[in-house]
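First up is the structure itself, then whatever we jot down about it.
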Amino acid sequence: MKKWIPWIGWTLLAVIVVAVVVNVVVAVSIPTTIMGVTINKKFNFPSNQWVFQPPITDNSTDVVRPAPDDIYSLLVYDVSQHPLRVTSATSEYWTISAFAMNTDNFFNLTSSQAKTNPVEVVFISKGMTYQDPTGKAQVVTVPSDKGILMITMVLPNQAALPGILQAQKQTTAELVK
Amino acid sequence: MIDIKTIYKVLIAAVIALVLGGIIGFFTVNPVANLVTSGSNVTNGPWSTNFAYGSTGANPYVKAWVAENGLMAVSASLSLYLDAYADDNGQPLVANCDYVIKGPALKTGYWNITVYNENGFVIANAQNRYSYSSTDIQFEPDGSFIIYLSKTLKQGNWLPTGNAKTLNVYLRLHDPGPDYSNANALKTAQLPQIIKEGCQ
């Protein structure tokens with residue numbers, strides 16, 4: 001038995017090392033995995049096209065804890081081949097947010113920060129350069145070629161809904177070729 | 001010269017380490033993520049948040065937790081999300097109890113309070129009322145507010161809890177002001193109370 005003790009000790013140590021490594025690797029991979037499942041299965045949208053979400057109701061189960069006062073527009077971006085120009089009319093509490101494949105929220109712009117209305121933002125891949133001919137667009141380099149854009153427009157009250165939905169429909173996205 | 005018995009022992013040890021270590025490592029990810037996230041949370045009464053939500057510099061375990069529990073959380077400088085799963089006495093929020101959320105005038109551009117069921121979704125009700133915000137709530141004369149959480153009709157600001165089992169209340173502060181901009185400020189800020197009134 002005594003000669004087994006060192007083996008048991010070393011094996012336990014190896015179990016711990018493997019457990020720690022697996023733990024960290026899995027934790028690091030969870031955000032990208034969940035984003036991938038969300039994009040490919042839950043959303044299943046064509047890339048680079050806005051999908052205008054209807055107001056949140058008790059049937060809204062795409063994402064957990066949606067804000068009922070927010071009107072969402074979602075877009076799966078893919079700038080691997082070309083930059084993507086996004087244009088959106090703003091409302092009083094309006095935000096565009098960009099999420100990389102590892103879920104990092106790498107870009108936000110609010111209506112109070114926007115210099116123009118409508119707002120223009122061009123998303124480009126790392127390694128690309130882009131000179132906006134209009135001089136109005138904000139150019140943003142993305143950390144991952146694929147990810148999600150989300151425009152949030154706060155609905156201050158139900159009476160504002162038609163105006164908000166109309167502004168939402170003016171949001172556009174086009175690849176710059 | 002290594003004998004064959006030693007080689008067998010090493011192989012067996014390696015297999016045990018890989019299988020057992022792999023299983024333990026995999027199934028402890030969520031408990032570790034919960035522990036790390038809750039350990040870095042900032043709390044104030046029943047409210048809890050984490051300034052690392054949505055942050056590019058967040059710990060991998062916090063990112064994993066956020067991906068599972070609040071995908072597409074924006075950074076705290078844009079919107080701060082505070083959640084409450086218990087009342088002011090630390091008792092879990094359950095739908096067969098009535099609660100009052102009593103809030104001071106919140107110093108932020110815009111805020112809303114939403115109640116979710118145990119699955120993280122808004123609660124079905126005939127009134128289609130899922131939240132109150134700074135723009136549609138009835139305020140008290142002094143600028144404070146009262147929201148009732150209950151299955152039964154209440155006069156004033158009432159969030160029906162319908163057929164939910166447990167509740168989760170979210171306070172969203174958009175464009176949070178200096179009173180909520182960092183952990184130290186948030187710990188001492190005046191935030192809404194959640195008071196149990198009674199249970200059915």
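Bear in mind these aren't lab numbers, they're just calculated from the coordinates by the rules spelled out. On a predicted model such as this, the values are computed, not experimentally measured, just so you know. Methodologically, a virtual Cβ is constructed for each residue, glycine included, from the backbone with ideal geometry; neighbour enumeration extends over all protein chains shown.
Laid out as a table, the results:
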{"read-out": "Whole-angstrom gap from the range A:24-52 to the range B:121-200, using each part's C-alpha centre", "value": "31"}
{"read-out": "For the range B:1-124, radius of gyration divided by Kirkwood radius, i.e. Rg to Rh on alpha-carbons", "value": "1.21"}
{"read-out": "Residue of A:108, A:59, A:48 that the Gaussian network model of chain A assigns the largest fluctuation, springs spanning Cα pairs under 10 Å", "value": "A:59"}
{"read-out": "Mean separation of Cα contacts under 8 Å, 6 or more apart, over the residue count of chain B: relative contact order %", "value": "26"}
{"read-out": "Partner chain coverage, peptide B:64-70 - average Cβ within 10 angstrom", "value": "5"}
{"read-out": "Residue with peak Gaussian network fluctuation, chain B [Cα springs, cutoff 10 Å], from B:114, B:161, B:135", "value": "B:135"}
{"read-out": "Average projected area [Cα convex hull, the range A:30-94], square nanometres", "value": "5.7"}
{"read-out": "Tilt relative to chain B, helix B:4-27 - C-alpha long axis, 0 to 90 degrees, to 10", "value": "10"}
{"read-out": "Cα convex hull of the range B:75-199 - mean projected area over all directions, nm²", "value": "7.7"}
{"read-out": "Cα gyration tensor shape for the range A:51-175, rounded if a/c is under 1.5, else prolate or oblate", "value": "oblate"}
{"read-out": "Candidates A:57, A:32, A:110: whichever shows maximal mean-square fluctuation once chain A is modelled as a Gaussian network with Cα springs under 10 Å", "value": "A:57"}
{"read-out": "Contact order relative to length of the range A:51-175, as percent, for alpha carbon pairs under 8 angstrom and 6 or more apart", "value": "35"}
{"read-out": "Likely footprinting exposure, B:72, A:128, B:1, A:35, fewest C-beta neighbours within 10 Å first", "value": "B:1, A:128, B:72, A:35"}
{"read-out": "Burial ordering of A:82, B:174, fewest other beta-carbon atoms within 10 Å first", "value": "A:82, B:174"}
{"read-out": "Order of A:169, B:5 under a 10 Å beta carbon neighbour criterion, fewest first", "value": "B:5, A:169"}
{"read-out": "Entries of A:126/B:187; B:107/B:196; B:63/B:102 with Cα pairs more than 30 Å apart", "value": "A:126/B:187; B:63/B:102"}
{"read-out": "Between the range B:73-102 and the range A:89-129, the Cα center-to-center distance that results, in Å", "value": "29"}
{"read-out": "Net charge dipole size for chain A [Lys, Arg +1 and Asp, Glu -1 on Cβ; Debye, nearest 20]", "value": "680"}
{"read-out": "Inter-chain shielding of A:103-110 (mean C-beta neighbours from other protein chains, 10 Å cut-off)", "value": "6"}
{"read-out": "Rounded D (µm²/s) - the protein assembly as shown, Kirkwood Rh over Cα pairs, Stokes-Einstein at 37 °C, 0.692 mPa s", "value": "143"}
{"read-out": "Given charges at Cβ of Lys, Arg, Asp, Glu: the range A:51-175 dipole, positive-most of A:150, A:61, A:110", "value": "A:110"}
{"read-out": "Length-normalised contact order for the range A:1-107 - Cα pairs under 8 Å, 6+ apart - percent", "value": "24"}
